[in-house]
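*Asks:* Can you keep this structure in mind? I'll have questions shortly.
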Amino acid sequence: MVLAAGKGTRLFPLTGEIPKPMAPVVDTPIIRHIFDLLARHRVSEAYVNVHYLADALLAAYGEESHANGMTARLVREEQLTGTAGGVKHLAGGVERNSGGFTEPFVVVSGDALTDVDIQALVSFHKEKGALATIALHRVFDTSEFGVVEIDEECNILGFQEKPDPKEAISTLANAGVYVFEPGVLEYIPENTFFDFAEDVFPRLLEAGERFVGYQGNFYWSDIGTLEAYRQAQYDVLSGKVRVKVPGEKRGESLWVGENAQLHPSAKLEGYIVVGRDAVIGRGVSLSGDVTVGTDCWIRPNATIKRSILLPGASIGDGAYLEDCIVGHGYDV
């Protein structure tokens, strides 16, 4: 299951117009990167719960879409029920339609960027004979994350929510990617707002269930701030994340989408993505890491440094942008 119902309030004002899973990283919505990740690891079926600005997700993917051998089914939640409540609600629908959850299942955030090896995570879960497994990622600043303490056998001992680094019990953050046995659903009440980290996981510890943490060598960013959003773009372009960058790669650091037009006099330096049908005019200068989204138009002699232009943005003659994020369809 891909969790995609939340508001992503920390990314306002960007998420005032689009749901966070639809925020593009290198001109590709975060949730599409997640779909590609799941398909790459042989997931054949994924369910997605949608609520906040749900119509945008449904317009992009419909109630059912198919890509790379995987089927994604979007299910609208009429009211938010939390991460665990959303899974419980979905499980009820699946049970009515196909007999229920009978095998281990994966839950992943639809608004975080990661290249975690899903197959390795599931194998680890099975080897440990666990009821629940959490993917963990080492962080430097614990004050932004829920951290997890584990022992030498990877058993989870406790949790701490956004502690001061001086008081943190661990620097291993909960990456929001889980593997569960169907028995976990018994710990989630029906029709109740319930969260995995705050409600379910303490119950599993209290009950003495087999509950483990997986540490793999993978990239993860919850893209919790606009600065983290910019950093995620750079991380993809500089090769730190195993995700697909759209377009034809030209040289070491330029990707150009279908039908994009680049004037011969344009000056491009650094990691640059030019999206499908974008137009880069005469004398334009792009430098640093720059993403020019689908259908963007950069008019002559504009200068853009270390910026992200979301699809449909338009930059006027001679404009100068540095460290900017330009919204969908905005004119500068």
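The values are calculated or read from the model by the stated rules, or taken from the named source; none is laboratory data. In this text the structure is predicted, and so the values were computed from the model without any measurement. With ideal geometry, Cβ positions are generated from the backbone for all residues, glycine too; neighbour counts draw on all protein chains shown. In case anyone asks, the SASA skips ligands and DNA or RNA and just uses the protein heavy atoms, side chains included. Shrake-Rupley method; radii C 1.70, N 1.55, O 1.52, S 1.80 Å.
*Asks:* Pick out, from L14, V256, I134, the residue whose Cα sits farthest towards the positive end of the charge dipole of the chain, with +1 on the Cβ of Lys and Arg and -1 on the Cβ of Asp and Glu.
*Replies:* Towards the positive end, the residue furthest out is V256.
*Asks:* At 37 °C and 0.692 mPa s, what whole-number value in µm²/s does Stokes-Einstein give for the translational diffusion of the stretch 106-213, with Rh from the Kirkwood sum over Cα pairs?
*Replies:* Diffusion coefficient, whole number: 229 µm²/s.
*Asks:* I'd like to compare 283-292, 157-166, 226-235: which one has the highest average count of other Cβ atoms within 10 Å, and what's the full order after that?
*Replies:* Put in order of decreasing packing, that is 283-292, 226-235, 157-166.
*Asks:* Can you tell me how much longer the chain between T102 and T9 gets when fully stretched, taken as 0.36 nm per residue apart minus their C-alpha distance, in nm with one decimal?
*Replies:* 30.0 nm
*Asks:* Same structure, new question: Work out how much length E153 to N259 would gain on full extension: take 0.36 nm times their residue separation and subtract the Cα-Cα distance, in nm to one decimal.
*Replies:* Separation in residues times 0.36 nm, less the Cα-Cα distance, equals 32.8 nm.
*Asks:* What is the magnitude of the charge dipole of the stretch 258-332 about its Cα centre, with +1 placed on the Cβ of each Lys and Arg, -1 on the Cβ of each Asp and Glu, and no other charges, expressed in debye to the nearest 20?
*Replies:* The dipole magnitude comes to about 160 debye.
*Asks:* What whole-number value in Å² describes the accessible area per residue of the stretch 1-77 for a 1.4 Å probe?
*Replies:* 41 Å²
*Asks:* Now for a separate question. Would you kindly derive the ³J(HN,Hα) couplings of the stretch 29-38 from the backbone phi angles with the Karplus curve 6.51 cos²θ - 1.76 cosθ + 1.60 (θ = phi - 60°), listing them in order in whole Hz, with x for Gly and Pro?
*Replies:* x, 3, 5, 5, 4, 5, 4, 5, 4, 5
*Asks:* Explain nothing, just the number: dipole magnitude of the stretch 1-107 about its Cα centre with +1 on each Lys and Arg Cβ and -1 on each Asp and Glu Cβ, in debye rounded to the nearest 20.
*Replies:* In total the dipole reaches around 260 debye.
*Asks:* Carbon-plus-sulfur fraction of the accessible area of the chain, 1.4 Å probe, in percent?
*Replies:* 46 percent
*Asks:* In the stretch 65-186, with Lys and Arg counted as +1 and Asp and Glu as -1 at Cβ, which of these residues, C154, S143, A91, has the Cα nearest the positive end of the dipole, that is, farthest along it?
*Replies:* A91
*Asks:* Projected area of the chain, taken from the Cα convex hull and averaged over every viewing direction, in nm²?
*Replies:* So the Cα hull casts an average projection of 17.1 nm².
*Asks:* In debye to the nearest 20, how big a dipole does the chain give about its Cα centre with +1 on each Lys and Arg Cβ and -1 on each Asp and Glu Cβ?
*Replies:* 1000 debye
*Asks:* Between S285 and residues 5 or more places away or on another chain, which pairs have amide H atoms under 5 Å apart, with H built 1.01 Å from N, and which residues are they?
*Replies:* K267, A302, T303, I304
*Asks:* Ok, one more. For the stretch 12-72, what is the convex hull volume of the alpha-carbon atoms per residue, in Å³?
*Replies:* 82 Å³
*Asks:* To continue, here is another question. Give the accessible surface of the stretch 164-296 per residue, rounded to a whole number of Å², with probe radius 1.4 Å and ligands, DNA and RNA excluded.
*Replies:* 48 Å²
*Asks:* Can I ask one more? Compute and list, largest first, the equivalent-ellipsoid semi-axes of the stretch 213-332 from the alpha carbon gyration tensor, each √(5λ) rounded to a whole angstrom.
*Replies:* That gives 26, 16, 12 Å for the three semi-axes.
*Asks:* Got a sec to turn the phi values of the stretch 44-55 into Karplus ³J(HN,Hα) couplings, 6.51 cos²θ - 1.76 cosθ + 1.60 with θ = phi - 60°, whole Hz, x for Gly and Pro?
*Replies:* Each residue of the stretch 44-55 in turn: 9, 9, 9, 9, 10, 8, 10, 8, 5, 6, 4, 4 Hz.
*Asks:* Kirkwood-based Rg over Rh for the stretch 184-247 (C-alpha set), two decimals?
*Replies:* 1.16
*Asks:* In addition: Would you mind checking the pairs K240/K305; K88/K126; K7/K240 and listing those with alpha carbons more than 32 angstrom apart?
*Replies:* The pairs that break the limit, which is 32 Å between Cα atoms, do not exist here.
*Asks:* If you stretched the chain out fully between K126 and K249, how much longer would it get, using 0.36 nm times the residue separation minus the C-alpha to C-alpha distance?
*Replies:* 40.4 nm
*Asks:* Kirkwood hydrodynamic radius for the stretch 239-283: how many Å is it when counted over pairs of different Cα atoms?
*Replies:* One over the average 1/r among Cα pairs gives 11.2 Å for the stretch 239-283.
*Asks:* Which cross-chain or sequence-distant (5 or more) residues have an amide H under 5 Å from the amide H of I325, H modelled 1.01 Å from N in plane?
*Replies:* Distant-sequence amide H within range of I325: I308.
*Asks:* Report ³J(HN,Hα) in whole Hz for each residue of the stretch 165-177, in order, from the Karplus equation J = 6.51 cos²θ - 1.76 cosθ + 1.60 where θ = phi - 60°; Gly and Pro get x.
*Replies:* Result, rounded to whole Hz: x, 6, 10, 5, 7, 6, 10, 9, 8, 6, 8, x, 10.
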